[in-house]
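Peer 1: Can you keep this structure in mind? I'll have questions shortly.
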C-alpha cells in the first residue's frame, strides 16, 4: 500500500487561475521524495491537499489517498493524524507562547493524558536537538530554531508521513546542514518541496518535477538533475553537488 496516492488532482484559485492541471503520483511507504519546480509551479498547492487544508472543489471522486484512505470531510481527522505538514514560514505554524506548549498542542488534540503528552514533547524536542528549550518563548527563537520546533510539533503527533514545504529556505549554511541531518534520521515517509537541490540530492532518492501545475518528470533524483535540458526548460539548475559527477 502506498503512503500517498494523488490521481488527476486539479485545483483553481478563486480568481480562476488553474494551479493544478491533473497532477498524479504515488509515494511508497518509507520513501523520501523531493518535489521540485520553479516558483508558482504548484508545489505548495499540492502539499496543502495532502491533509485536506485545501479541499478539492471538483466534486469528482476522491483523487488523494493517504495510506489507502481517500481524503474526504469524513476522514480528515484520521488523515491529519497521519500527515504532518511543516509550513514554509514557521510563524504560520507556531502560536503558543512557549516551545513546550506549542509542541504539546498536537498530542493534546489526540486525547493523550498529561504524562503521555509530556513524554512525547520531551522525546520530540530531543529528536530535533532542542531538549533544553521547552520553557523558551517561541517569538525569541531564531528562524532555524523555530523550524525545529515546528518539526518537533509534527513528530510529537507521531505522523507516519511528513510533508515539508521549503524546510531549508532562509537558513544559513550551518542551519541547512543541521536540518538536513535531522531529516535524515527521521524514518517517516517524507515528501519535501524544495528549491534546495543539494538537499534533494543528499536526502531524496527520487524527485518529482512540477511546472505550471503538471508533473513534467518523475524519477531518480540524480538522473533528473543531471538532465540539463530538462532543468533549464523548467527554471532549475543542475546543483553544484553534481558538477563533479558525470551524467549517467
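The values are calculated or read from the model by the stated rules, or taken from the named source; none is laboratory data. Since we're looking at a predicted model, the values are computed, not measured. Cβ placement follows ideal geometry from the backbone for every residue including glycine, while neighbour counts extend to all protein chains displayed.
Peer 1: Considering region 149-183 alone, what residues qualify as being over 21 Å from residue 131 (Cβ atoms) and either surrounded by fewer than 18 Cβ atoms within 10 Å (Cβ to Cβ) or touching a residue at least 24 places away in the same chain (Cβ under 8 Å) (or both)?
Peer 2: Residues satisfying the conditions are 160, 161, 163, 164, 165, 166, 168, 169, 170, 172, 173.
Peer 1: Look through region 41-69, keep the residues that are surrounded by fewer than 19 Cβ atoms within 10 Å (Cβ to Cβ), under 19 Å from residue 1 (Cβ atoms) and touching a helix residue (DSSP H, G or I) at 6+ places or on another chain (Cβ under 9 Å), and return whichever of them is modelled with the highest pLDDT.
Peer 2: Result: 67.
Peer 1: Would you point out the residue of region 92-138, among those that are more than 25 Å from residue 82 (Cβ to Cβ) and free of Cβ contacts under 8 Å to residues at least 24 places away in the same chain, that is surrounded by the most Cβ atoms within 10 Å (Cβ to Cβ)?
Peer 2: 131
Peer 1: What about residue 141, is it under 14 Å from residue 98 (Cα atoms), in contact (Cβ under 8 Å) with a residue 24 or more places away in the chain and more than 21 Å from the chain's Cα centre (by Cα)?
Peer 2: yes
Peer 1: Could you check residue 146 against (1) at pLDDT 95 or above; (2) surrounded by fewer than 16 Cβ atoms within 10 Å (Cβ to Cβ) and say which number it fails?
Peer 2: Evaluating residue 146 over (1) at pLDDT 95 or above; (2) surrounded by fewer than 16 Cβ atoms within 10 Å (Cβ to Cβ) leaves (2) as the failure.
Peer 1: Within region 196-248, work out how many residues are closer than 14 Å to residue 41 by Cα, out of contact with any strand residue (DSSP E or B) (no Cβ under 6 Å at 6 or more places or on another chain) and assigned to a loop (DSSP other than H, G, I, E, B).
Peer 2: 3
Peer 1: Assigned to a helix (DSSP H, G or I) and under 24 Å from residue 110 (Cβ atoms): which single residue out of 45, 78 fits that description?
Peer 2: After ruling out the rest, the residue left standing is 78.
Peer 1: Here is a further query. Please specify each residue of region 119-142 satisfying the condition of being assigned to a helix (DSSP H, G or I) and more than 22 Å from residue 77 (Cα to Cα).
Peer 2: Passing the criteria: 119, 122, 123, 125, 126, 127, 138, 139, 140.
Peer 1: Can you tell me how many residues in region 9-21 are over 20 Å from the mean Cα position of the chain (by Cα) and either part of a strand (DSSP E or B) or surrounded by 13 or more Cβ atoms within 10 Å (Cβ to Cβ) (or both)?
Peer 2: Residues that pass the stated criteria total 3.
Peer 1: Would you call residue 111 in contact with a helix residue (DSSP H, G or I) (Cβ under 9 Å, 6 or more places away or on another chain), at positive phi and part of a loop (DSSP other than H, G, I, E, B)?
Peer 2: Judged against the criteria, residue 111 is not a match.
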